[in-house]
Amino acid sequence: MQTVWGVLSVLFIWALVLPFAGIAAILLFISNKGFFVPLVIAAYISFAGMLVMARFELFNYKKYFWLGAASLVAVSLLFTIPAVYEKTRPVITDGQVELAAYQPFEKETKAVFLEKPASLNIEDDLPIIDGATALYPIYAAFAQAVYPEKEYQPDDSEVMSNRTGAAYTNLINGKADIIFALGPSTTQLNQAESVGKKLKLTPIGKEAFVFFVNSKNPVKSLTEDEIKGIYSGEITNWKDVGGKDEGIRAFQRPENSGIQTALQNFMGFTPIMKPPTEDVMSLMGTVIGEVSDYKNHKNAIGYTFRYYSTQMVKNNKIRLLCVNGVEPTVDTIRSGDYPITNEFYAVTAGSDNPHVEAFIEWVLSVEGQEIVEKTGYVPVGK
């Protein structure tokens with residue numbers, strides 16, 4: 001009978017502690033640190049083993065408990081350490097720029113100024129503008145030249161930056177009058193059509209679509225066909241394009257982001273392979289597969305825009321690739337020698353704001369295009 005009660009008491013304590021271990025595991029998953037879960041499991045099993053040995057006074061249980069616990073921790077670390085190492089790699093995402101650095105009218109803003117007051121001044125009924133992160137320095141400077149001086153928070157004001165996908169949604173839903181972004185994806189065009197709106201795209205500048213690799217990767221240039229081969233999955237090893245004998249990790253961006261639309265436009269009719277994903281625990285408790293952020297492995301490749309990578313992020317652990325032997329610079333974009341350039345636009349969807357047309361006309365004027373060029377992009381028409 002004593003043995004039965006002993007077993008029941010042990011099981012009761014196990015059951016009492018199990019929810020805490022489960023909650024710890026769930027919290028680690030939600031915070032995207034699921035790689036620590038093996039340690040939680042090892043700790044629970046160790047506790048269970050100690051409880052059994054202590055309750056039934058097994059011989060020399062202290063010695064064997066610590067030996068078993070150490071073994072469990074060692075095994076769990078074999079699963080944990082690679083994941084921790086993976087998480088410490090440099091990561092490049094769309095959200096790593098401090099937009100406040102370019103906020104209009106701030107004391108030390110990086111947004112450029114015109115040498116003389118702008119010929120257009122809007123004092124009331126300010127058009128609400130939104131757009132891509134990479135273009136925020138441009139349209140923040142537009143607002144700084146034309147709008148009245150006050151605070152414009154990037155997350156909630158007349159001059160916002162919600163990234164390309166959210167900006168298109170705001171425009172289509174009437175929450176923005178103008179957005180500054182790359183051209184829309186098919187999904188975004190369909191979204192506008194479904195609510196009876198037509199998107200009007202006015203080119204205001206040009207930028208290079210660039211591909212980048214780890215700075216230690218010996219490959220310095222790829223042809224357009226080689227890039228298409230990589231992103232279609234036909235080329236899978238760097239040795240096939242003049243590099244080392246290593247598999248290629250070709251990272252992508254989420255669907256409907258401006259940069260992913262740029263990749264789709266570049267690839268044309270060439271199918272794009274499925275992107276690398278990682279499992280993330282959602283707040284609903286389900287595991288979902290999200291497109292992985294670029295992790296700077298020696299065999300990785302990713303893509304972005306020249307200004308974003310060289311001026312806004314400035315990551316010296318990556319290197320921009322030449323394409324067809326041509327380096328992406330302002331001069332090669334202007335001359336047309338760099339083969340992958342994209343126009344970016346002022347996009348409208350039928351706003352009733354009385355200043356929208358005048359504002360876009362001013363953006364295309366000498367003053368507006370001066371801001372585009374001084375910021376570091378190539379003005380439209382040049």
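Along region 263-276 the Karplus relation, 6.51 cos²θ - 1.76 cosθ + 1.60 evaluated at θ = phi - 60°, assigns HN-Hα couplings of 5, 4, 5, 5, 6, x, 8, 7, x, 9, 5, 5, x, x Hz to successive residues, with x for each Gly and Pro. Note that region 149-154 has calculated 3J(HN,Hα) couplings of 6, 6, 7, 10, 6, x Hz, one per residue in order, obtained from phi through the Karplus relation 6.51 cos²θ - 1.76 cosθ + 1.60 (θ = phi - 60°); glycine and proline are x. Taking amide H positions as modeled 1.01 Å from N, with prolines and chain starts lacking one, the residues under 5 Å from K206 and 5 or more places away or on another chain are F344, V378, V380. Placing unit charges on the Cβ atoms of the charged side chains and taking the dipole of region 126-274 about its Cα centre, the candidate lying farthest along the positive direction among Q191, V213, A181 is V213. Amide hydrogen proximity for M273: with H placed 1.01 Å from N in the peptide plane, the residues at 5 or more positions away or on another chain lying under 5 Å are S232, G233.
FRET efficiency for E343 and E370, Cβ-Cβ distance as r, R0 = 22 Å, nearest 0.05?
For R0 = 22 Å, the calculated efficiency reads 0.75.
A DSSP coil position with no more than 10 other Cβ atoms inside 10 Å describes the following trypsin sites (Lys or Arg not before Pro) in region 124-204: K150, K198.
Here region 114-161 has 42 percent of its accessible surface on carbon and sulfur atoms, given a 1.4 Å probe and all protein chains in place.
How about region 117-190: which GluC sites (Glu not before Pro) there are in a DSSP loop, with at most 12 other Cβ atoms within 10 Å of their Cβ?
For GluC sites (Glu not before Pro) across region 117-190 that sit outside H, G, I, E and B with at most 12 neighbouring Cβ atoms in 10 Å, the list reads E123, E149, E151.
Taking a Cβ cut-off of under 12 Å around A118, the surrounding Lys, Arg, Asp and Glu residues balance to a net charge of -2, with basic ones at +1 and acidic ones at -1. Solvent exposure of region 160-235 amounts to 41 Å² per residue of accessible area, where only protein heavy atoms count and the probe is 1.4 Å.
Among residues other than T187 whose Cβ falls under 12 Å from its Cβ, what is the net charge (Lys/Arg +1, Asp/Glu -1)? That works out to -2. State whether region 87-208 is rounded, prolate or oblate according to the following rule on the C-alpha gyration tensor (a ≥ b ≥ c being the square roots of its eigenvalues): a/c under 1.5 gives rounded; otherwise a/b larger than b/c gives prolate, and the remaining case gives oblate. Cα axes put region 87-208 in the oblate bin.
Please name which of V363, T332, V347 has its Cα lying farthest along the dipole of region 314-378 towards the positive end, using unit charges on Cβ (Lys, Arg +1; Asp, Glu -1) and the Cα centre as origin. Ranked along the dipole, the leading option is T332.
The values are calculated or read from the model by the stated rules, or taken from the named source; none is laboratory data. Fair warning: this is a prediction, and the values are worked out from it, not measured in the lab. Every residue, glycine among them, receives a Cβ derived from its backbone with ideal geometry; neighbour counts consider all protein chains shown. Just the protein is used for accessible areas: all its heavy atoms, side chains included, with ligands, DNA and RNA removed. Shrake-Rupley method; radii C 1.70, N 1.55, O 1.52, S 1.80 Å.
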